[in-house]
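**Student:** Here it is, the structure in full.
The values are calculated or read from the model by the stated rules, or taken from the named source; none is laboratory data. Since the structure is predicted, the reported quantities are computational estimates derived from the model, not experimental observations. A quick note on method: Cβ atoms are made from the backbone with ideal geometry, for glycine too, and the neighbour counts reach across all protein chains shown.
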Amino acid sequence: MEQRITHACGHEQTHYLTGFASQQDRKARWLTTTKCRSCFITEKKTAQADAASRDGAAIAHLDLPPLTGSERQVAWATSVRASHLAALVAEPDAGNTGAFQTCLTITDGKWWIDHRDLPNTDLLTTAGSYLCPASIAAAMPVPSCLHRAA
Ligand SMILES: [Zn+2]
């Protein structure tokens, strides 16, 4: 059944309620205590923007290299990196570790996205064992045929 609900924010929104009459009543009552959809989205966006600007300020002193990946990956990874680094900077000891320094040099957008849900300590551990493709290549023995050619 469709029902017009006046939400806590004062906006009206039509909801399609299902179930028994008693369930619909309960749902309708609960909905009146919540914000309407557009207020909810606005609030969430504002909170995200606030968090992003807080993170940005917290890591403004870091000289971060640009990330690599597709446009979408870079945009996503940039905010993932900002929120992780901001949290790490706030921890008294994390900022001085080698793993943290390694974190700063990881420019692979995919790496940040893959590890977005890791707790900070795990992120540092993972970063500590991270080898960028260039250093892997550097560590590889040069095939002898190349020696001869050179
Ligand atoms: Zn509203």
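**Student:** What are the pairs with Cβ atoms under 8 angstrom where one residue, in region 4-19, is over 11 Å from LEU31 (Cα atoms) and hydroxyl-bearing (Ser, Thr, Tyr) and the other, located anywhere, is away from the ligand (no atom under 13 Å from the Cβ) and not in a strand (DSSP E or B)? Sequence gap at least six, or different chains.
**Tutor:** So the pair list comes out as TYR16/MET1; THR18/MET1; THR18/GLN24.
**Student:** Determine whether region 95-114 contains at least one residue that is in a helix (DSSP H, G or I), surrounded by 14 or more Cβ atoms within 10 Å (Cβ to Cβ), in contact with a helix residue (DSSP H, G or I) (Cβ under 6 Å, 6 or more places away or on another chain) and polar (S, T, N, Q).
**Tutor:** Among the residues of region 95-114, at least one is in a helix (DSSP H, G or I), surrounded by 14 or more Cβ atoms within 10 Å (Cβ to Cβ), in contact with a helix residue (DSSP H, G or I) (Cβ under 6 Å, 6 or more places away or on another chain) and polar (S, T, N, Q), which makes the answer yes.
**Student:** Hey, any hits in region 55-68 for a residue that's touching a strand residue (DSSP E or B) at 6+ places or on another chain (Cβ under 8 Å) and in contact (Cβ under 8 Å) with a residue 24 or more places away in the chain?
**Tutor:** Checking region 55-68: at least one residue is touching a strand residue (DSSP E or B) at 6+ places or on another chain (Cβ under 8 Å) and in contact (Cβ under 8 Å) with a residue 24 or more places away in the chain.
**Student:** Write out, first by first residue and then by second, each pair whose Cβ atoms fall under 6 Å of each other, whose residues are 6+ apart or on separate chains, and whose first residue, in region 35-50, is in a helix (DSSP H, G or I) while the second is within 13 Å of the ligand (Cβ to nearest atom).
**Tutor:** Qualifying pairs under 6 Å: CYS39/CYS9.
**Student:** Could you pull out the residue among SER83, SER79, SER70 that is modelled with pLDDT of 95 or more, in contact with a helix residue (DSSP H, G or I) (Cβ under 8 Å, 6 or more places away or on another chain), more than 16 Å from the ligand (Cβ to nearest atom) and in the same structural domain as LEU124 (by TED's automatic domain parsing)?
**Tutor:** One residue alone meets the criteria, SER70.
**Student:** In region 8-31, which residue that is surrounded by 11 or more Cβ atoms within 10 Å (Cβ to Cβ) and assigned to a helix (DSSP H, G or I) is nearest to the ligand (Cβ to nearest atom)?
**Tutor:** Step by step, filter region 8-31, then rank; the result is LEU31.
**Student:** Checking ALA58 against (1) of a type outside the set (Asp, Glu); (2) surrounded by 13 or more Cβ atoms within 10 Å (Cβ to Cβ); (3) at pLDDT 95 or above, which test does it fail?
**Tutor:** The one condition ALA58 does not meet is (3).
**Student:** With the requirement that a residue be hydrophobic (A, V, I, L, M, F, W, C) and under 18 Å from THR102 (Cβ atoms), what does region 44-71 give you? First the steps, then the outcome.
**Tutor:** Kept after step one, since they are hydrophobic (A, V, I, L, M, F, W, C), are these residues of region 44-71: 47, 49, 51-52, 57-60, 62, 64, 67.
Within region 44-71, ILE59, LEU62, LEU64, LEU67 meet the criteria.
**Student:** From the list PRO119, PRO92, PRO143, which one is modelled with pLDDT of 90 or more and surrounded by fewer than 16 Cβ atoms within 10 Å (Cβ to Cβ)?
**Tutor:** Numbers: PRO92 fails: modelled with pLDDT of 90 or more; PRO143 fails: modelled with pLDDT of 90 or more.
When all the criteria are applied, what remains is PRO119.
**Student:** Every residue in region 32-55 that is surrounded by fewer than 13 Cβ atoms within 10 Å (Cβ to Cβ) and within 16 Å of the ligand (Cβ to nearest atom), please.
**Tutor:** THR32, THR33, ARG37, SER38, ILE41, GLU43, LYS44, LYS45, THR46, ALA47, listed by residue number.
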